[in-house]
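Visitor: To start, I am sharing the structure in question, which I have written as structure tokens.
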Amino acid sequence: MRQGRRWAAAGLLVAGLALGACARASGSGSGEQTSYSEHAARVERIPGSDLSRVVLTDRAAQRLGLRTTKVRPGPAGRTVVPYESVLYDENGDTWVYTNPEPMTFVRQRITVERIQGDQAILDSGPRAGITIVTVGSEELLGAELGVGGD
């Protein structure tokens, strides 16, 4: 039930961002109008994968309020991530967004062994020390999948 609410909340957040992105911002002094959404994020397919990388502008990251943290080592060789960083897709598969380069985000599948309080102990996923997104993952997923786009 908690997963369903998270997915519904993600949809609402993405829809809200799409509406906000419809606002027009001034062009670069040429008098032409450019939509914010055209320049806020660039989605690039990752060859040999069904995934894409999402590259944001600094302004887009600020508007989303993106926050990150590092994956921590956990018990028995496991890794630990904040539960708030875990995304569930429509099939119930679990993911996190990694941040391999500045303003670049890549979704990575994880396997959650168990939830302990506000932490997720992982069977598989990014190794300790990798930077992941804790706030803003739903919006990144929306950008990657083209939810709310033109």
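Visitor: Count neighbours as other Cβ atoms within 10 Å of each site's Cβ, and list the trypsin sites (Lys or Arg not before Pro) in the stretch 87-150 that are DSSP loop with at most 14 such neighbours. Don't jump to the answer; show the numbers that get you there.
Guide: Details: sites: ARG107, ARG109, ARG114, ARG127; in loops: ARG127.
Listed in order of number, the matching sites are ARG127.
Visitor: While we're here: For MET103 paired with VAL55, estimate the spin-label separation in nm (one decimal), with each label point 7 Å from Cα along the Cα-to-Cβ line.
Guide: 0.9 nm
Readers should treat all values here as calculations from the given coordinates under stated rules, not as data from a laboratory. Everything numeric here is computed off the predicted structure, so don't read it as measured data. As a convention, Cβ positions derive from the backbone with ideal geometry for all residues, glycine included, and neighbour counts pool all protein chains shown.
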